[in-house]
Amino acid sequence: MASSDESQQTEATATIDTKVHSDSKGIGKFTDVKVDGLNADHATKGKTVFDSKCSACHRVDETKVVGPGLKGVTKRRTPEWIMNMITNPAEMTQKDPVAKALLAEHLTQMTFQNVSDDETRQILEFLRKNDL
Amino acid sequence: MSLSTPYSKLVLATAVAAVTFTTACKPKKAETVISGDAAQKVYVAPGKLDEVYLFASGGFSGQVAAYGLPSGRLLKVIPVFSQNPENGWGYSEETKAMLNTSHGFIPWDDAHHPQISKTDGSDDGRWLFINGNNTPRIARINLATFKTEEILEIPNSGGNHSSPYCTENTEYVVAGTRFSVPIEGNTDVPINTYKENFRGALSFVKVDPKEGHMNIAFQLLVPGVNYDLARSGKGASHGWMFFTCYNSEQANTLLEVNASQRDKDFIMAVNWKKAEEYLKQGKGKKTPTTYYHNNYDERTHSASSKVEKEVLTLDTRVLKDIVYFIPCPKSPHGADVSPDGESIVASGKLAAVIPVFSFKKMTDAIAKKTFESEFDKVPVIKYEAALAGEVQKPGLGPLHTEFDDKGYAYTSMFVSSEIVKWKVDTREVVDRIPTYYSIGHLCVVGGDNKKPYGKYAIALNKITKDRYLPTGPELTQSAQLFDITGEKMNLLLDFPTIGEPHYAQACPADVILKNQKKIFELSKNEHPYAVKNEKETKIVRNGKRVDVWMTAIRSHLAPDNIEGIKLGDEVYFHITNLEQDWDVPHGFAVKGAENAELLIMPGETQTIKWTPKSTGIFPFYCTDFCSALHQEMQGYARVSPANSTVALKSGIGETAPKNELAKN
Ligand SMILES: [Cu+2]
């Protein structure tokens, strides 16, 4: 029964290289995120949240632990995609082609860690700073 | 799938027989009374939720089971008075204290009567109370977390049976003693001095309206008989509580014969507002006793025990006009109060009628002192003076009555195995339906509320012969679901239960769902060994005690390599589940642990104590399949000899301990 779905899924993900840039904004509540100069205060707050809720699975260098290393993530992904991935990971890995490909690569479903919208924006700022 | 197994044939044959013989005089089997649309009425499609929560006691299992109705699906077993291996309840360091009593650590009890907290006489879905019968206790379960938060021991009690019934606004839950016992001064007395030395204690447990915390406000010392069940007044009768009593013969041996001599036993009517007045006037007496009070703190995820040393008592031999007896035919079991609070239905197990008393007539009789006698200094109201009327020929062995929203009462008949429906104002029987088999309590959704929900009645049965595939001498017990929306009751479903479903209460799912908690917020975790962040994990030695501060997240434990534990150490693994995602617990087990395993909810911290018995490498792992890489969620603890020089170290990945050989 599920075989046709599965083969489609494999086809859809097979063509995506997760290491390169994608314009996808992902799926979720963030459709238009403005970024300009770095907000250092937000970046500091974002680091605190990242340390408690993300660091068990992600490093900020290139090392894969449970999930991918996050160095360069703000160059590879749009701000909307990053914020949707943090707040809506289950739907993202089901519907967004890039997130689907990442799940196939890392095999662990990313979890929503009860991060607020403000905290999500702060994490984005921390990751931007990490990529400077 | 093939239908050729012998059992399928049997089922088909029975179904055919049922169709053939519906008009013949065969004993009614389930197949003959099920109406055609029963399956549709209990079918809850995948993805759809049940309409009603049913909370049934596990009887001798000591737990509570939550079922969904109309599907009859078991949703959850909530551990209360018994250790529970599934989640380490009563085994983990955090929860052991919940089972402390003045008799020591008691890992098993008998739980009978769940009671949902009430506001204005209706189920409010905040807490569920239930009694521990054998070692008298009352537990409070938080219905936002489905976790037992408090267990209060009841002193001066034996067989905490008429318990824990709550008043209209949960001002009190009561705990009446089934066995009277000697309670003050020298309790080492001959058993046959029952009449002189034994007394009953009815405990009124105050419930804090905000947090639900319980404490014994006072105990009424009452005549030495057996107190069986209770119901509070409501509406018209708010401020009163009604207890059934048996053994007014005050027998102390061969009760089956000796306690059924008299034609009538009693309902005890308690005016608790009057008792409160006496307390205000300082008439209570502080009596020394010892009992435990255990609380589970939701912020620290940990329980602690407190020992209480005295209780306030009011003696009904001294203080009059708190309690009255109403005669009630032979060995009454339930005393149930109608939604308007005016009718008190009493069921004499051995009686041929169901007497219905009028609250108004009862209070008039008290005002006019229409008493027939005194029993141990308590006035006995004349039967006819309090009686509204009798339900004639209801069936054999009436036990319990609950009410619907249309003016009908439903009484369970233990001996004749049926439910009898009758009209409260005329007391005429209008319908009856068989149960499978030996029904004890029954439950109507909201059936003890001022405004019952009605719709379903649930039979809680003692015997299940022939209902399911046989499993050996010990069969599961069962509950049955009836549609009571029409004139005639209709059987919809029967389903097996855990333990004995002694009594149950049910309320619409919405009432519970609105308060549901889905995760424990990490930022609010105040457990002393909580780790909010993987970088804070560590291992600390203090003499022979080793504490491991560990985290769990999909899909690793941190630290996952531990060295430097020595034989003779006591190791405490404190594990914090870092997930903040609903429905992702992690488990924890370590080889050779003589305790159970742990199951840790998202954001929670739980502790298991491990005393290694030999040197070597001990694997530990997550027991709850949590992700594709669940099998990889594991680690090793190294145990060295007591005199070893291996340093205490722990880590994960590049921080894991390296290359330290044993040197002895
Ligand atoms: Cu796990």
Once a ≥ b ≥ c are taken as the square roots of the eigenvalues of the Cα gyration tensor of chain B, is the result rounded (a/c under 1.5), prolate (a/b larger than b/c) or oblate (a/b not larger than b/c)? oblate
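Sorted by mean Cβ packing within 10 Å, highest first, what order do the peptides B:186-192, B:606-612 take? Could the numbers behind the result be given before it?
Values: B:186-192: 9.4, B:606-612: 21.9.
In decreasing order of mean packing, B:186-192, B:606-612 become B:606-612, B:186-192.
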Roughly how far apart, in whole Å, are the Cα centres of the stretch B:80-112 and the stretch B:262-292? 30 Å
Just need log10 I(q)/I(0) for the stretch B:114-155 at q = 0.14, 0.16, 0.24, 0.29 Å⁻¹, Debye formula, equal scatterers on the alpha-carbon atoms, no solvent, rounded to two decimals. -0.32, -0.41, -0.78, -0.95
By average C-beta atoms within 10 angstrom, highest first, the peptides B:389-401, B:163-175, A:62-74, B:61-73: B:163-175, B:61-73, B:389-401, A:62-74
Could I have the simple spin-label model distance between A:Val65 and B:Glu184, label points 7 Å from Cα toward Cβ, reported in nm to one decimal? 6.6 nm
Give me the percent of accessible area attributable to carbon and sulfur for the protein assembly as shown, probe 1.4 angstrom. 55 percent
So how compact is the stretch B:146-263: Cα radius of gyration and Dmax in angstrom? 15.7, 47
Summed for both chains, how many Å² of accessible area, to the nearest 100, are buried between A and B with a 1.4 Å probe? 1300 Å²
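When the chain is fully extended, how far beyond the present Cα-Cα distance does B:Tyr383 get from B:Asp510, taking 0.36 nm per residue of separation?
Numbers: separation 127, 0.36 × 127 = 45.72 nm, distance 4.28 nm.
So the extension gain works out to 41.4 nm.
Quick one: dipole size for the stretch B:241-399, taken about the Cα centre, charges +1 on Lys/Arg Cβ and -1 on Asp/Glu Cβ, in debye to the nearest 20. All intermediate terms of the calculation are to be shown ahead of the outcome.
Values: 22 positive and 21 negative charges, 87 e Å.
Roughly 420 debye, rounded to the nearest 20.
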Furthest towards positive pole of dipole, B:Val424, B:Leu557, A:Val98, structure part the protein assembly as shown, Cβ charges: B:Val424
Karplus couplings for the stretch B:242-255 from phi (6.51 cos²θ - 1.76 cosθ + 1.60, θ = phi - 60°), rounded to Hz, Gly and Pro as x? 10, 10, 8, 10, 10, 6, 6, 6, 6, 6, 10, 8, 6, 4
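Normalised by the residues of chain B, what does the relative contact order come to in percent, with Cα pairs under 8 Å and at least six apart? Write down the numbers at each step before the final one.
On the way: 1837 pairs, mean separation 70.3, N = 664.
RCO, chain B: 11 percent.
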Over the stretch B:174-225, consider all pairs of different Cα atoms and compute the Kirkwood hydrodynamic radius from their mean reciprocal separation; express it in Å, one decimal. 12.3 Å
Tell me, rounded to the nearest percent, the portion of alpha carbon pairs in the protein assembly as shown spaced more than 44 Å apart. 40 percent
Return the residues of the stretch B:538-555 for which accessible area with all protein chains present is lower than in the chain on its own by 10 Å² or more; set the probe to 1.4 Å and exclude ligands, DNA and RNA. B:Ile553, B:Arg554, B:Ser555
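I'd like to check one number: the per residue accessible area of the protein assembly as shown, probe 1.4 Å, reported in Å² as a whole number.
Values: 34080 Å² over 796 residues.
So the protein assembly as shown comes to 43 Å² accessible per residue, rounded to a whole number.
With r defined as the distance between the Cβ atoms of B:Ile617 and B:Asn215 and R0 fixed at 56 Å, what FRET efficiency is calculated, to the nearest 0.05? Could the numbers behind the result be given before it?
On the way: r = 50 Å, r/R0 = 0.89.
My answer for the efficiency is 0.65.
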Got a sec? Charge dipole of the stretch B:519-664, +1 on Cβ for Lys and Arg, -1 for Asp and Glu; which of B:Gln634, B:Phe520, B:Gly603 is way out at the positive end? B:Gln634
Can you list the residues of the stretch A:92-132 that have at least 40 square angstrom less accessible area with all protein chains present than in their chain by itself, probe 1.4 Å? A:Leu107, A:Thr108, A:Thr111, A:Gln113, A:Asn114
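At 0.36 nm per residue, and after removing the present C-alpha to C-alpha distance, how many nm does the segment from B:Glu487 to B:Asn542 gain when stretched out fully?
Additional length available on full extension: 12.7 nm.
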Let me check against my output: what whole-number percent is the relative contact order of the stretch B:171-314, with C-alpha pairs under 8 Å and at least 6 apart? 19 percent
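Could you calculate the contour length gain from B:Trp108 to B:Lys48, that is, 0.36 nm times the residue separation minus the distance between their Cα atoms, to one decimal place in nm?
Values: separation 60, 0.36 × 60 = 21.60 nm, distance 3.56 nm.
Answer, rounded to one decimal: 18.0 nm.
In whole angstrom, how long is each semi-axis of the equivalent ellipsoid of the stretch B:410-550, when you take the square root of 5 times every eigenvalue of its Cα gyration tensor and sort them from largest down? List each step's numbers first, then the result.
Working: eigenvalues 456, 98, 29 Å².
Rounded to whole Å, the semi-axes are 48, 22, 12.
Out of all DSSP beta bridges in the protein assembly as shown, what portion is antiparallel? Express it as a percent rounded to 5.
Bridges in the protein assembly as shown are about 90 percent antiparallel.
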Consider all pairwise Cα distances in the stretch B:219-299 and report the whole-number % of them above 21 Å. 53 percent
Under a point-charge model restricted to the Cβ atoms of Lys and Arg (+1) and Asp and Glu (-1), what is the dipole moment magnitude of chain A relative to its Cα centre, in debye to the nearest 20? 340 debye
So what is Rg over Rh here for the stretch B:136-182, counting just Cα atoms and using Kirkwood for Rh? 1.03
Bins of 5 Å, starting at 0 and running to the largest distance - Cα pair percent for the stretch B:249-338: 3, 10, 12, 12, 12, 15, 16, 11, 5, 3, 1, 0
Give a quick list of GluC sites (Glu not before Pro) in the stretch B:191-276 that DSSP marks as loop, anything other than H, G, I, E or B, with at most 15 other Cβ atoms within 10 Å. B:Glu211
Taking N as its residue count, the alpha carbon Rg of the stretch B:384-427 over 2.2 N^0.38 Å: 1.17
Need the per-residue list for the stretch B:500-535: every residue with at least 40 Å² less accessible surface in the complex of protein chains than in the chain by itself, probe 1.4 Å, sorted by number. B:Asn533, B:Lys535
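Give the peptides B:127-133, B:626-632 in descending order of average Cβ contacts within 10 Å, highest first.
On the way: B:127-133: 28.0, B:626-632: 15.7.
Packing order, densest peptide first, comes out as B:127-133, B:626-632.
Can you tell me, using C-alpha contacts under 8 Å and at least 6 residues apart, the relative contact order of the stretch B:262-370 as a whole percent? Display every interim value, and only then the final one.
Working: 160 pairs, mean separation 28.2, N = 109.
Across the stretch B:262-370, relative contact order equals 26 percent.
Which whole number in µm²/s is D for the stretch B:497-636 by Stokes-Einstein, with the Kirkwood Rh taken over Cα pairs at 20 °C and 1.002 mPa s?
Details: Rh = 16.6 Å.
Using the Kirkwood radius from Cα pairs, D works out to 129 µm²/s.
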Roughly how far apart, in whole Å, are the Cα centres of the stretch B:484-514 and the stretch B:534-608? 40 Å
Once the dipole of the protein assembly as shown is set up from charges on Cβ (+1 Lys and Arg, -1 Asp and Glu), the residue from the list B:Phe414, B:Phe179, A:Asn84 lying farthest towards its positive end is B:Phe179
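The values are calculated or read from the model by the stated rules, or taken from the named source; none is laboratory data. From a predicted model like this one, the values you see are computed outputs, not experimental measurements. Neighbour counts are summed over all protein chains in view; Cβ atoms, including those assigned to glycine, are modelled from backbone coordinates with ideal geometry. Heads up: the accessible areas ignore ligands, DNA and RNA and are worked out on the full protein's heavy atoms, side chains in. Shrake-Rupley method; radii C 1.70, N 1.55, O 1.52, S 1.80 Å.
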